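In what follows, a single structure is set out as structure tokens and then discussed.
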Amino acid sequence: MEKIDIKSMNLEELTEFMEGIGEKKFRAKQIYQWLHQKRVDSFEEMSNISKDLKHKLEEQTFITSLEKIDVQISKIDGTRKYLFALSDGNVIESVLMRYKHGNSVCISSQVGCRMGCKFCASTLDGLVRGLTPAEMMDQIYKIGKDIDERISNVVVMGTGEPMDNFDNLIKFITLLTDENGLNISQRNLTVSTCGLVPKMKQLADMKLQITLALSLHASNQEKRKTLMPVANSFDIHEVIDACKYYFEKTNRRVTFEYSLVGGVNDTDEDAKELTELVKGMNCHINLIPVNPIKERDFVQSNAKVISAFKNKLEKNGINVTIRREMGRDIDGACGQLRKKYIDRKETK
Ligand code: SAH
């Protein structure tokens, strides 16, 4: 019999499961709190659970637990990059960012990625598999325990395309926001997508209060296609319409991420087109100086160009910020730490 992933179950499912094995309902809540509030990694630690029940649970279920294999700490801003091993030997990375308003964790949603964005290190070796809800949660649990502080914000912006792992993403959101667990408010969660339109709409229809971030990175369809293969499946206007739909359904302001690539998408013409594209929308644009990866020859726009680009948008009444680069001195870009680890292992 295949063992059940007990940490991926929501309270309802766990209650059903407990009843199914002849246990009282309230046991489910106790176990749920052990897993998601006290964040234990074994049944042994559950002190108010009988030996018999522990034995039963051990036989039928397993507790997902990531193993920390590396952490790099930035001397500049305290950002921490973690490398975790999963039980099947795959590795993923997660990032802790310390802000004045609290601790934010950036998690991976997949092992690798199949979206193929040209500037991104996470996609270079393709997709291995989606992460389970518990594997997404445990990145936050392990980091919270490691620093012994509360995590107040979560962004799904690490390796992987969350909308390409939709069902597990939704389950993860249920676990993350449950009052018997970390109890993080939906408003403190951001999910970033390269723009899988049907899934964006599906998410909108669920009317959650999470922030949707769209990786735009270009101001027109032709240019977007050269940077992001996903644009071959969904036209830029379709994607923008999906963002408008998200706002209509949820009343949540959408964030556009725009990585500035020197000489590629940072001209005056780009700023003008971008203004036209998002005009009238309740949105926010996050400009990210592209983080160069060694496998590609993209370069960052220079500081002057970046600030001119920002000013141009601002003059047109658009809400815009330049994302502070966190952890500049550690393997910064998405997927670089993991890639380095894998490459090193392969050459051994
Ligand atoms: N797949 C999702 C989430 C993961 S990527 C998405 O596409 O949104 C998180 C963000 O980092 C995306 O906006 C992505 O385009 C951006 N990104 C990836 N590699 C980058 C790099 N080298 N420099 C700057 N931004 C990068």
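What follows is calculated from the coordinates using simple rules that are stated; it is not laboratory data. These numbers come from a predicted model, not from an experiment. Counting neighbours? That spans all protein chains shown, and the Cβs are built from the backbone with ideal geometry, glycine included.
Just how large is the dipole of segment 4-62 about the Cα centre, in debye to the nearest 20, putting +1 at every Lys and Arg Cβ and -1 at every Asp and Glu Cβ? Before the final figure, lay out each step's value.
Values: 10 positive and 12 negative charges, 58 e Å.
The calculated dipole for segment 4-62 is roughly 280 debye.
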**Report entry** Which of Ser109, Ser215, Asn188, positive extreme of dipole for segment 109-221 (C-beta unit charges)
**Finding:** Ser215
Report task. Under 11 Å from the Cβ of Ile147, count the other residues' Cβ atoms, weight Lys and Arg +1, Asp and Glu -1, and hand me the total. Result -> +2
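Can you figure out the FRET efficiency of Lys145 with Arg296, using R₀ = 30 Å and their beta-carbon distance, to the nearest 0.05? Intermediate results must be reported in sequence, preceding the final value.
Details: r = 36 Å, r/R0 = 1.20.
Efficiency computed from Cβ-Cβ geometry: 0.25.
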Requested in this report: Would you mind ranking Val155, Val230 by Cβ crowding within 10 Å, fewest neighbours first?
Outcome: Val155, Val230
Report summary line: Expected sort for Glu23, Glu273 with the fewest Cβ neighbours (10 Å cutoff) up front is Glu273, Glu23
Query raised in the report: Helix 336-347 sits at what angle to the longest principal axis of the chain, using alpha carbons and giving 0 to 90 degrees rounded to 10?
Result: 70 degrees
Query raised in the report: What's the long-distance tail for segment 275-348, i.e. % of Cα pairs beyond 21 Å?
Result: 45 percent
**Report entry** Charge dipole (the chain, unit charges on Cβ, about Cα centre) - positive-most of Cys120, Val278, Gly158
**Finding:** Val278
**Report entry** Value at 222 nm in deg cm²/dmol, rounded to 500, when DSSP H runs of n ≥ 4 in the chain each add -39,500 (n - 2.57)
**Finding:** -11000 deg cm²/dmol
Query raised in the report: So what is Rg over Rh here for segment 83-189, counting just Cα atoms and using Kirkwood for Rh?
Result: 0.96
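Assuming 0.36 nm per residue, please report the length gained on full extension of the stretch Ser87 to Lys29 beyond their Cα-Cα distance.
On the way: separation 58, 0.36 × 58 = 20.88 nm, distance 2.57 nm.
Result: 18.3 nm gained on full extension.
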Query raised in the report: Does anyone have the angle between helix 11-20 and the longest principal axis of the chain? Alpha-carbon axes, 0 to 90°, nearest 10?
Result: 30 degrees
**Report entry** Electrostatic dipole magnitude of segment 1-148 [Cβ: Lys, Arg +1; Asp, Glu -1; Cα centre; debye, to 20]
**Finding:** 600 debye
Query raised in the report: Size of the dipole of the chain about the Cα centre, Lys and Arg at +1 and Asp and Glu at -1 on the beta carbon, nothing else charged, in debye to 20?
Result: 880 debye
Requested in this report: Any chance you could check the Cα centroid distance between segment 271-326 and segment 174-242 for me, in angstrom?
Outcome: 18 Å
Report summary line: Fewest to most Cβ atoms within 10 Å: Ile293, Ile170, Ile107 sort as Ile170, Ile293, Ile107
Report task. Would you compute, for the Cα atoms of segment 141-209, the largest minus smallest coordinate along each principal axis and list the three values in descending order, in whole Å? Result -> 39, 25, 17
Report summary line: Note on segment 4-62: alpha-carbon gyration tensor, axes a ≥ b ≥ c; rule is a/c under 1.5 for rounded, else prolate if a/b larger than b/c, else oblate; result rounded
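State the percent of C-alpha pairs, over all pairs in the chain, separated by a distance greater than 33 angstrom. Numbers along the way, then the final one.
Details: 18061 of 60378 pairs.
Taking all Cα-Cα pairs of the chain, the fraction more than 33 Å apart is 30 percent.
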Requested in this report: Please give the residues of segment 92-133, grouped as numeric ranges, whose backbone N is less than 15 Å from a label point set 7 Å along the Cα-to-Cβ vector of Glu67.
Outcome: 92
Query raised in the report: Expressed as an acute angle from 0 to 90° and rounded to the nearest 10, what is the orientation of the C-alpha long axis of helix 268-278 relative to the principal long axis of the chain?
Result: 50 degrees
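Among DSSP beta bridges lying fully in the chain, give the percent that are antiparallel, nearest 5. Mind dumping the intermediate values first?
Values: 21 of 46 bridges.
Counting DSSP beta bridges with both partners in the chain, the antiparallel share is about 45 percent.
Could you calculate the FRET efficiency of Arg328 with Gln60 from 1/(1 + (r/R0)^6), where r is the beta carbon distance between them and R0 is 51 Å, rounded to 0.05? Don't jump to the answer; show the numbers that get you there.
On the way: r = 47 Å, r/R0 = 0.92.
Step by step, r from the Cβ atoms, then E = 0.60.
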Query raised in the report: What residue among Ile4, Ile21, Gln33 has its Cα farthest toward the positive end of the dipole of segment 4-62, where the charges are +1 on Lys, Arg and -1 on Asp, Glu, each on the Cβ?
Result: Gln33
